Structures are given as C-alpha cells and as structure tokens.
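One structure below.
The values are calculated or read from the model by the stated rules, or taken from the named source; none is laboratory data. Model, not experiment: these values are computed from the prediction. For neighbour counting, all protein chains shown are included, and Cβ atoms are generated from backbone atoms with ideal geometry for every residue, glycine included.
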Amino acid sequence: MPKQNNDKIRPFVEVQQAANKDIIENLELRLQEMYRIADENFLLIQKIINFDHELMACKTVRQVLNTVRENFNCVFNMPYNILKIIVEPKASIRIADVDRVNDLDLIESIKSVKKPVTGTKCIHPGLYDWFDAHVRVESFLHLPLVAQDNYLGLLLVGHTDPDYFSENAPTDYVEMMAKSVAITLNRILGQSKR
C-alpha cells in the first residue's frame, strides 16, 4: 500500500513543481517589463528636465519657440506642433505676426480650453490651417498655456495616426511641459500679475 501512495504523491509533486516553475517564469517576465517601463520613464523624465533647463535659459519669445520646436520635433518625436501666442506683450517685446493669433473668435476658443484636450477634431476650424496642407494630421492634443491665470497661448500637437491622441488619452508628461512653456512665456512677456 505505501508504494501506491508514493506513486500518487510523485505525480502531484511534479505537477506542483511545474506550476511553480510557470509562476516563477511569469513573475520574471513581469519584473522585466516593470524594469523596462521604469527605464523608459527615467529617460523621459531626464528629457523633460533637459527641456526645462533649456526653457529657463530662454530670454526671448523666439528662443522659447525654437526650444519648443526643436524638443518636440527631435527629442520627443512629435514633429507636428505649433505654438501660438494670444496675449499682447509689453511694447519692448517683439513677436512675429506668424507666431500670434489675432482672430478674436479663435482667441476665445483657445481661452475656453481649461485643460488638455485630445481627439480627432480641433477646438476651432481655424486651427487646421496651422498645419502643413501636405500632411494629413488625424489626431490632436490642445495644450493651453496658462500661468498665474493668464492665458498666453496654445500649443497644438498633431499626429498622423487618428488613435495617437484619442479622446481621454493620458497627457501627463506633455501637460508638465506645457506648464513649463507657459511659465517661461509669462516671465518673458511680462504678464505676471502684481
């Protein structure tokens, strides 16, 4: 009789060992994925810190626009981006007409954006004209540039994939970047409320 029990116990132990091995392999894969994501997040944070440092060094609106364009195009791989200013700066500060919005209806639409808006439609038909007609931009991220309750402008990012900026897509890191841009513009444009 004891021999039969050993024969039954051995297969059970083998099955349990195989199950444990599968669990360990699954955990190992999950840990590797967690490390990969942590590494990607670390690199992203480093890029954002470098972007912030570049913004802090900006002394003119043109430098801010160039910094945003270079970083979004090259570092963050978002080549379809446009930053437009909607405020009237101090007399000593020059902003090229191409970088400003003068259409009052469009300015009101921009000011209505309280938080980042994603989706396949722009908040105003005039915004489609900002992108090159040869590129079919299918999804959009509208980032309001607000600092100290001053609406300064809009950073509009587009993508050719309609699902890239799907509705309610996460916008955490670009929202932080837009805030940094707004703070820098606020400083340069002299819009601080006193």
ask   = Is it the case that some residue within segment 62-73 is touching a Phe, Trp or Tyr at 6+ places or on another chain (Cβ under 9 Å) and among the aliphatic types (A, V, I, L, M)?
value = yes
inquiry  = If a residue must be among the β-branched types (Val, Ile, Thr) and at pLDDT below 95, how many such residues does segment 47-74 contain?
reply    = 2
Any hit, segment 12-27, residues being within 27 Å of ASP161 (Cβ to Cβ) and assigned to a helix (DSSP H, G or I) = no
request  = Please give the strands (runs of 3 or more DSSP E) falling wholly within segment 105-194 in which 2 or more residues are under 17 Å from VAL61 (Cβ atoms) and modelled with pLDDT of 90 or more.
outcome  = 139-147, 150-159
inquiry  = Being without any contact (Cβ under 8 Å) to a residue 24 or more places away in the chain and in a helix (DSSP H, G or I) is true for just one of ARG62, ARG69. Which residue is that?
reply    = ARG69
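Of everything in segment 21-47 that's more than 30 Å from SER180 (Cα to Cα) and basic (Lys, Arg), which residue is farthest from the chain's Cα centre (by Cα)?
Restricting to residues being more than 30 Å from SER180 (Cα to Cα) and basic (Lys, Arg), the top hit is LYS21.
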